[in-house]
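Before any comments, here is the structure.
The values are calculated or read from the model by the stated rules, or taken from the named source; none is laboratory data. In this text, all values refer to a predicted model and were calculated from it rather than measured experimentally. In this analysis, Cβ positions are derived from the backbone assuming ideal geometry, glycine residues included, and neighbour counts consider all displayed protein chains. When the accessible area is computed, the model is the full protein with side chains, heavy atoms only, and any ligands, DNA or RNA have been set aside. Shrake-Rupley method; radii C 1.70, N 1.55, O 1.52, S 1.80 Å.
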Amino acid sequence: MSAGDPPPALIACRDVTKVYRMGDQEVHALAGVTLDISAGEFVAIMGPSGSGKSSLMNLIGALDRPTSGEMWIAGRGLSQMSSDELADLRNETLGFVFQQFNLLPRQSALANVKLPLRYARTEVTDADARAAECLELVGLGDRMDHRPMQLSGGQQQRVAIARALVNKPRILLADEPTGALDTRTTEEIMGILTQLNRQGITIIVVTHESEVAEYASRQIHFRDGNIEVDSARPNAKRA
Amino acid sequence: MKVGVAAASALEALLSNPMRSLLTMLGIIIGVASVMTMMAIGEGARIQIDQQIASVGSNVLTMSPGNMSRGGRSFGGGSGKPFNEADVAAIRGLSIVDAASGTLSGGVTAVSDSANWATQVLGVDADYFTVQNWDAAEGRIFTAQEAGSGALVAVIGKTVADNLFPNGGALGQRIRLDGTPVEIIGLLGEKGTSGPFNRDDQVLVPLSLSRNRIVGGNKTVARHVNRVEILVQDGVDMEDAQTEIGDMMRERRRIQPGAEADFRMFSVADFIRARGEAMNTMGILLAFTAAVSLIVGGVGVMNIMLVSVTERTREIGLRMAIGARGGDILTQFLVEAVSLCAIGGLIGVVIGFGGALGAAAVGGWPAAVSPFIVGIAFGAAALVGLMFGFFPARRASRLDPIQALRHD
Ligand SMILES: Nc1ncnc2c1ncn2[C@@H]1O[C@H](COP(=O)(O)OP(=O)(O)OP(=O)(O)O)[C@@H](O)[C@H]1O
Ligand SMILES: [Mg+2]
């Protein structure tokens, strides 16, 4: 590989650091992470609180820029991209699922799922149909007109997953997606993610729960901003 | 992202907190309503002035004896040496003059069979009707010959007719003017009031009749007249006309070059225009007040938009995370601010419409709410939204997605 060529992996991090400055105090959230994630992987990121998991997710999600080091998503170096280009990358290539769901409370499930299409650079004419399709995929075909308040936590998270899927992303990022859910609902959500992974979407999940990590084909453990263990799990739990 | 979609979600955001939106709009509503009322008042006053000028004629000059210092501001004049009919004839002979009439006025008691009425008698030439563009609504005006010979005829104004003949039928009747019997040959069309003077409360008689039998002659000047009403030819500059007539009159009255003239000239149209300008100044002052309330309204909008940006920081972060560019967020909040102001503007337009009609009714001028005025008032509101919405919208668009998402 020559100096200028992007790494072949779908997601590549080279010596990535993230330093937060709070007054005169510096917090080294990531201390030089080098990581490749290939297309089609299902990765679980684990580690103690404050070890840098969310910091890394935010960088991969193009929501934040590293303090140093270089990152590539789908062959594109993020440091060279403008904030508008990063927004487009988030819209087209990445899908987010948050622990707190982050649905718009006054909008119906369908409207929430449609939201990313509103920011698509190429006009989407079949937004309603696509949003409905995604809601059916997560098993909420009969709840499209419900507002978030009228849905259970698990159902809300499924709406959020549908929203992350609506613009056909290659990568789905989920930071503690089941952190606010009970065991049975957790299994439902993880089942959906596994199914999506089988359809070819690369999935990265941050979690504290080993039962959740069971579903992943690769587990990465963080400690103090560094990768401690990176292990493939050929016999991952298949829902 | 299309503006239509943004407008729809903006409306939704505003409706989600209707009371707050309404209170925020209040400044805009008041501002727009006053802009509209002010403009309608200004426009109505302008129309009224135009009508008044049209009714007196914009190229009519009135000449009266006495200079400014002696005559003061008084319209009455007459304090200096009067003019005579030869002066009138000379003026009439100028090429720039279409018509000229001497006038001689005085108070008189008019008596009919059934009533009497204290009014003003005005002796005039037949030219007077041309100068004033005034004709009889019923009957006829008197001829040059009748005017010259001092025939016992009169043309009376509406007010006089109504008071002397409450039951109508004035035409052809005989009345006495301080004892002089005259026949009513014409009823004048209504002219209305010009300043404090009711122009319909007059009896017009031939000039020589008025001089010889009613008002009386002058000790020093034979065949005298009080004033001269002059109709200047169309297209001639009124200043030039005043200079030309003035120069001739100075010569006729043997005034040394450089000495002050003992007569003066003015055009009623100029006087009305000057009064209109004073009203304009007033209008500008009121428009300024309206602008201030719009600005205050704008600051209110800015304040509430800043609050809204803070309240919805997480939502902004979420939108950014799913692909909204800074520009999309900017558009969203800008459209929201403009919608807020536009709705306020609409309500303001409705209230301003009422205000303009009310002001017109009170002020007695034509109501003049034109689409142009509505457009200006509404446009001002939208502009305020754009200007004062920009700062909060830009602040929203520049939020850091991660910090916005973490906001609680
Ligand atoms: N915006 C920030 N400003 C300052 N420090 C921060 C900020 N975000 C994270 N940190 C610090 O960086 C370190 C890593 O945080 P991060 O959120 O990545 O941890 P995490 O592994 O996701 O933890 P958890 O499991 O609790 O979510 C922590 O010490 C945290 O306090
Ligand atoms: Mg975290």
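Numbers for the structure displayed
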item	result
Nearest 10 degrees, 0 to 90: helix B:371-397 Cα axis against chain B principal axis	30 degrees
Vicinal HN-Hα couplings computed from phi for segment A:67-73 (Karplus, 6.51 cos²θ - 1.76 cosθ + 1.60; Hz; Gly/Pro x)	6, 8, x, 10, 10, 10, 10
Between 0 and 90°, nearest 10: helix A:83-92 axis offset from chain A longest Cα axis	50 degrees
DSSP bridge orientation in chain B - percent antiparallel, rounded to nearest 5	80 percent
Segment A:11-18 - phi-based ³J(HN,Hα) in whole Hz, Karplus 6.51/-1.76/1.60, Gly and Pro as x	10, 9, 10, 10, 6, 7, 10, 9
Theoretical FRET efficiency, 1/(1+(r/R0)^6), r = Cβ-Cβ of A:D5 and A:R184, R0 45 Å, to 0.05	0.45
Probe 1.4 Å - accessible area at B:H407, Å² to nearest ten	70 Å²
Heavy-atom SASA rank of A:V27, B:V35 (probe 1.4 Å, accessible area, largest first)	A:V27, B:V35
The protein assembly as shown: antiparallel DSSP beta bridges as a percent of all, rounded to 5	70 percent
Ranked order, A:V229, B:V236 - accessible area, probe 1.4 Å, largest first	A:V229, B:V236
Antiparallel %, DSSP beta bridges [both residues in segment A:11-232], to 5	60 percent
At R0 = 30 Å, FRET efficiency that the Cβ-Cβ distance of B:V296 and B:A361 yields, to 0.05	0.60
Segment B:355-374-segment B:195-266 distance, computed between alpha-carbon centres (Å)	39 Å
Cα-based reach from A:K237 at 17 Å (exclusive), listing aspartates and glutamates while leaving out same-chain residues under 8 positions away	A:E41, A:E187, A:E188, A:E209, A:E211, A:E214
Nonlocal amide H pairs with A:G69, under 5 Å, H built at 1.01 Å	A:T17
Sparse-neighbour loop sites [GluC sites (Glu not before Pro); segment B:250-317; at most 15 other C-beta within 10 Å; DSSP]	B:E260
Solvent accessible area, Å² - B:E183, 1.4 Å probe, full protein context	70 Å²
Phi-based couplings in Hz for segment A:43-55 (Karplus 6.51, -1.76, 1.60; Gly and Pro marked x)	10, 10, 10, 10, x, x, 4, x, 7, x, 4, 5, 4
Long-range HN-HN contacts of A:R218 with modeled amide H, under 5 Å	A:F42, A:A44, A:R233
Which of A:T178, B:T109, B:T159 is most accessible, then next, and so on - probe 1.4 Å	B:T109, B:T159, A:T178
Degrees between helix B:326-363 axis and first principal axis of chain B (Cα, 0 to 90, nearest 10)	30 degrees
Viscosity 0.692 mPa s, temperature 37 °C, Stokes-Einstein D of the protein assembly as shown from Kirkwood C-alpha radius, µm²/s	101 µm²/s
Sequence-separation-based contact order of chain A, relative, with Cα cut under 8 Å and 6+ spacing, percent	27 percent
All lysines inside 25 Å of B:K191 as judged from Cα atoms, apart from same-chain residues fewer than 8 positions distant	B:K158
